[in-house]
Amino acid sequence: MGRPNIVLILNDDMGYSDIGCYGGEVRTPNLDRLAERGLRLTQFYNTARCSPSRASLLTGLHPHQTGIGVLVENLLPEGYAGNLNRRCATIAEVLRPAGYNTYMSGKWHIAGDWFNDKSNWPCQRGFDRFYGTLAGAGSYYNPNTLTRQNDNIEHEAQAADFYYTDAISDNAAAFVADHARAGGEAPFFMYVAYTAPHWPLHAPAEDVQGYAGRFDEGWDALRQRRRQRMIEMGLIDPSWELTERDPAVPPWDAAPDKAWETRRMEVYAAQIDRMDQGIGRVLKSLEETGQLDNTLIIFLADNGACAELIQGDYDWATPGHIGRAKTRDARPVKWGNMTDVMPGPEDTYASYGVGWANLSDTPFRKYKHWAHEGGIATPFIVHWPAGLDGAGAVRHSPAQLPDVMATVLDVSGAEYPARLGEHEILPCEGVSLMRILKTDAPRGKPIFVEHEGNGAMRDGRWKLVRTWPDAWELYDMQTDRTEMHNLAAEQGDRVREMAAAWQAWADRCGVIDREKILEIFKKKH
């Protein structure tokens with residue numbers, strides 16, 4: 001068996017339990033097939049936000065070390081410059097010198113300049129071929145910053161049948177076919193970064209119609225049913241309590257505008273469904289070219305479910321922002337979550353709200369931005385028939401984003417560089433996942449997270465977590481992974497020890513106190 005191809009599939013703003021093989025209602029037969037023939041991890045952690053997660057995933061470092069402390073905005077020097085720095089190497093930059101061809105299709109969102117300075121665009125950070133967007137979000141029918149290699153190709157989205165999720169999938173499948181046609185012996189690395197199901201709620205009408213009535217029972221009943229399926233799948237312990245409905249959300253029986261509410265979730269589900277259809281085309285291309293069995297495929301999400309609101313009074317369509325003021329046929333876009341506007345078509349721009357995000361993160365609480373389980377827990381599927389046994393098995397040992405780089409090094413035999421050109425590269429922070437995948441062996445190192453002052457440390461069965469600026473909380477994840485019973489008052493010594501370890505990590509990795517960041521915001525505005 002030669003060195004494997006590696007395909008890394010990342011989706012955007014999807015909850016822990018939305019897809020079928022993690023208990024959700026969305027039809028995802030292709031991801032389910034990968035899970036049936038591969039392995040699922042139940043305690044894999046991202047960093048709670050899109051840009052930091054992408055930076056960490058691609059470099060094997062913590063996001064603050066890479067220059068992406070929050071998003072692609074220049075807030076501060078060092079870990080908050082908002083631009084991928086030169087103290088890190090991407091997976092593509094590591095694998096290309098080792099003889100891999102490198103391809104990317106989809107969302108980049110780790111470069112501070114989308115229009116002029118190309119030094120941190122994909123082709124300048126190790127990728128041979130790139131199709132996708134540089135921005136963090138946008139219309140699925142007419143996305144901003146659509147790029148091939150280094151050239152803007154937004155005109156291609158003017159085709160009547162253009163839909164960005166399909167374009168990501170089709171270009172990824174074409175990269176696989178082109179690689180096989182080239183006939184070389186080199187393996188390839190491909191990064192497929194979907195924007196689905198990140199807002200806005202945009203999906204083809206036929207896919208939305210396929211979910212008509214599916215969510216009519218509402219978030220309360222569906223959370224209960226979803227939790228039960230997860231227990232039956234062996235993903236969660238039946239002793240873990242289901243978290244309460246978010247206090248900002250009414251009981252479903254008392255919720256107004258039910259037709260509009262269910263349409264929001266129907267469109268969200270259709271976005272994931274369409275992504276899964278595209279993943280199926282990528283898998284078909286791998287199968288038809290005889291490359292599927294010796295391709296290591298990893299699927300995950302960049303953060304937990306997104307409870308963000310879309311306000312109609314914000315100027316999303318300013319040049320450089322992430323929307324369009326008008327549709328391709330010159331109709332005005334209706335901005336915001338308005339109950340008299342059904343989402344889905346190109347002339348809408350809405351999000352699915354807290355109630356459905358609460359369902360998406362079943363059985364956990366909190367969302368994207370936070371370090372509680374609902375913010376940082378992701379589905380994680382690994383498929384590699386030629387390299388891993390135990391098809392259909394579930395692994396419960398905790399792991400996190402930098403471990404993907406360590407795993408890539410392990411299976412490819414590539415060397416992690418001490419330098420790239422004139423620049424020293426920080427040591428990889430990850431641990432190879434192969435021991436977890438083969439035997440569910442413990443990672444052996446604590447896990448750390450920080451985003452916008454929210455922080456967490458996972459050490460064995462214990463998790464220290466806080467919502468900034470509140471005090472640290474402590475949970476026994478073996479008996480209470482849904483974080484319902486705070487043990488901080490009972491275990492003060494453990495809290496102090498873990499908080500000190502978290503702070504030492506934060507200081508080493510360039511985390512800046514939230515108070516200082518807010519002071520900078522105040523001075524700017």
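Before moving on, here are some points about what is shown:
- Taking the Cα centre of the chain as reference, the dipole from Cβ charges on Lys and Arg (+1) and Asp and Glu (-1) amounts to some 700 debye.
- For the range 395-525, a/c is not less than 1.5, where a ≥ b ≥ c are the root eigenvalues of the C-alpha gyration tensor, and a/b does not top b/c. That puts it in the oblate class.
- Of the residues Tyr191, Tyr164, Asn337, the one whose Cα sits farthest toward the positive end of the charge dipole of the chain, with +1 on the Cβ of Lys and Arg and -1 on the Cβ of Asp and Glu, is Tyr191.
- Residue (of Asn303, Gly374, Val72) at the positive-pole extreme of the chain, dipole from beta-carbon charges: Val72
- If you sort Phe448, Phe521, Phe188 by accessible surface, 1.4 Å probe, largest first, the order is Phe521, Phe448, Phe188.
- The range 169-244 - charge dipole about Cα centre, Lys and Arg +1 at Cβ, Asp and Glu -1, debye rounded to 20: 60
- For the range 208-240 versus the range 426-459, the spacing of their alpha-carbon centroids is 29 Å.
- DSSP beta bridge pairing in the chain, given as percent antiparallel to the nearest 5: 50
- Cα-based shape type of the range 89-175, given that a ≥ b ≥ c are square roots of the gyration tensor eigenvalues and the cut on a/c is 1.5: oblate
- Check: the range 434-525 dipole with +1 on Lys, Arg Cβ and -1 on Asp, Glu Cβ, in debye: 480
- Protein accessible area in the chain, 1.4 Å probe - carbon and sulfur %: 50
- Qualifying lysines (Cα of each under 19 Å from Cα of Lys107; at least 8 residues distant if same chain): Lys118, Lys368
- Ranking Trp219, Ala254, Met233 by how far each Cα lies toward the positive end of the dipole of the range 217-257 (charges on Cβ) leaves Met233 at the top.
- Å² per residue, accessible surface of the chain at 1.4 Å: 36
- Calculated [θ] (222 nm, deg cm²/dmol) that DSSP helices of n ≥ 4 give over the chain, each run adding -39,500 (n - 2.57): -9000 deg cm²/dmol
- Calculated from backbone phi, Karplus (6.51, -1.76, 1.60) coupling profile of the range 267-273 in Hz, x at Gly/Pro: 5, 4, 4, 5, 4, 5, 4
- Of all aspartates and glutamates in the structure, the ones whose alpha carbon falls short of 13 Å from that of Lys463, not counting any fewer than 8 places away in one chain, are Glu373, Glu473, Asp476, Asp480, Glu483, Glu497.
The values are calculated or read from the model by the stated rules, or taken from the named source; none is laboratory data. It should be emphasised that the depicted structure is a prediction, and the values quoted were computed from it without experimental measurement. Every residue, glycine as well, gets a Cβ built from its backbone with ideal geometry; the counts of neighbours run over all protein chains shown. Just so you know, the surface numbers come from the protein's heavy atoms only, side chains and all, with ligands and any DNA or RNA stripped out. Shrake-Rupley method; radii C 1.70, N 1.55, O 1.52, S 1.80 Å.
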